[in-house]
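What follows draws every value from the coordinates through simple rules; no lab data is involved. These numbers were taken from a predicted model, which means no experiment stands behind them. Positions of Cβ are generated from backbone atoms using ideal geometry, with glycine treated the same way; all protein chains shown enter the neighbour counts.
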Amino acid sequence: MLNSNLLRKLDMQDLMVFVAVYEQSSVTAVSETLGVSQSTVSYSLKKLRTGFEDDLFINTRSGMRPTYKATTIHEHVLKILEGINFCHSGAQAFDPTLKAVTFNICVSEYFELLVLPRLLRNFDFANLPVIVNVQKLDTALPVDELREGSLDLVICFGSDSQHSHTGFKSRRLVEDELVYVFDKRATPPQLRPSLRSFMEHRHVLPPHRTFDTHRVDHKRQLIERSNSYRAALKMITGTDLILTLPRRIQTLLANEAVFSHCEAPNGLPALTLDMQWSEASDQNSANTWLREQVIKACGEQGLL
């Protein structure tokens, strides 16, 4: 808010006149520099003197001499004009065509299979000098690496990030439903079993933490936790084991000639994929650009 209602009558041109008179000491020179009439300059000076309640400039033989108050506020008026210009132009946008850039991201296999290929193709088609170093997401979030800046983004399942850490931003990218997959030659389970009977069946766990580990996983008849979706599918081939997968992964990898699938029982949460980055990099133009490209790639894959 303004300290005085008199200041409300000032506009940007008045402030420009103030700076120009301070630097050039001549109404005539200011008129020519700003491309306005001398009477316009004089009118702005009148408004400035009223608004700041000071003469600001005194006519002398050597030109317009600033008063003490004018000298005091000159730097602040410059900052106001600089701030207005920044608001107009905004922060300088990141331009990936100007120089090579390397991004370090930590992602789940889900993202690596469904989104990363599209993201990299987009960079390649645009002939951008962008390198993406990909680190596979482990069981624990790489909190320190993300906070320290050695990682630009982490893309993980919502269940992995449910215990939030301070200093991070996040955006939900994908929601997917769960299905359970089994070998076609096996005895088929119920089309949609109860959660209890589902838990009593023998399972191979996929490489993501879709469930609340303490509430659900310990109740299941677990055979093995796989390191990849493809490995998990191989484990259940020729057996009665079942495997719970996101529907999009099932569609992509589970060959219909070999595997059947059914909807998961009521009570299992849907899968969500989140993008996380540090608050320190939130306004970084390169990081912002990368996040926009990830969202674009998700949209092009029909995931949003």
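Annotations for the structure displayed:
- Euclidean distance between Cα centres, the range 230-304 to the range 68-142, Å: 25
- Partners for residue 296 among lysines (Cα-Cα distance below 29 Å; same-chain residues under 8 apart left out): 99, 136, 169
- Residue-wise HN-Hα coupling along the range 112-119, computed from phi with Karplus coefficients 6.51, -1.76, 1.60 (Hz; x: Gly, Pro): 4, 7, 9, 10, 4, x, 5, 4
- Using the Stokes-Einstein relation with a Kirkwood hydrodynamic radius computed over Cα pairs, the translational diffusion coefficient of the range 1-125 at 37 °C and a viscosity of 0.692 mPa s comes to 178 µm²/s.
- Using a Gaussian network model of the chain in which every pair of alpha carbons under 10 angstrom is joined by a spring, one finds that among 170, 37, 281 the greatest mean-square fluctuation is at 37.
- A cut-off under 15 angstrom between Cβ atoms defines the neighbours of residue 55, and their net charge, with Lys, Arg +1 and Asp, Glu -1, is +3.
- Other-chain or far-sequence residues with amide H under 5 Å of residue 168's (modelled H): 279
- The range 51-65 - phi-based ³J(HN,Hα) in whole Hz, Karplus 6.51/-1.76/1.60, Gly and Pro as x: x, 9, 6, 7, 5, 6, 9, 10, 5, 10, 4, 8, x, 7, 9
- Highest-first packing order for the peptide set 124-130, 30-36 is 30-36, 124-130, based on the mean count of other beta carbon atoms within 10 Å.
- In the chain, the calculated helix contribution to ellipticity at 222 nm averages -11500 deg cm²/dmol per residue, counting -39,500 (n - 2.57) for every DSSP H run with n ≥ 4.
- In the elastic network of the chain, a GNM with C-alpha springs shorter than 10 Å, the most mobile of 75, 145, 112 is 75.
- For the chain, alpha-carbon Rg relative to the globular expectation (2.2 N^0.38 Å, N residues): 1.64
- Annotation for the range 236-294: GluC sites (Glu not before Pro) lying in DSSP loop with at most 15 further Cβ atoms inside 10 Å of their Cβ are 256.
- Projecting the Cα atoms of 168, 302, 115 onto the dipole axis of the chain, where Lys and Arg carry +1 and Asp and Glu carry -1 at the beta carbon, places 302 farthest toward the positive end.
- Most positive-pole-ward Cα, 68, 51, 83, against dipole of the range 49-92 from beta carbon charges: 68
- Remark: C-alpha extents of the range 237-304 on the principal axes read 51, 26, 19 Å, sorted largest to smallest.
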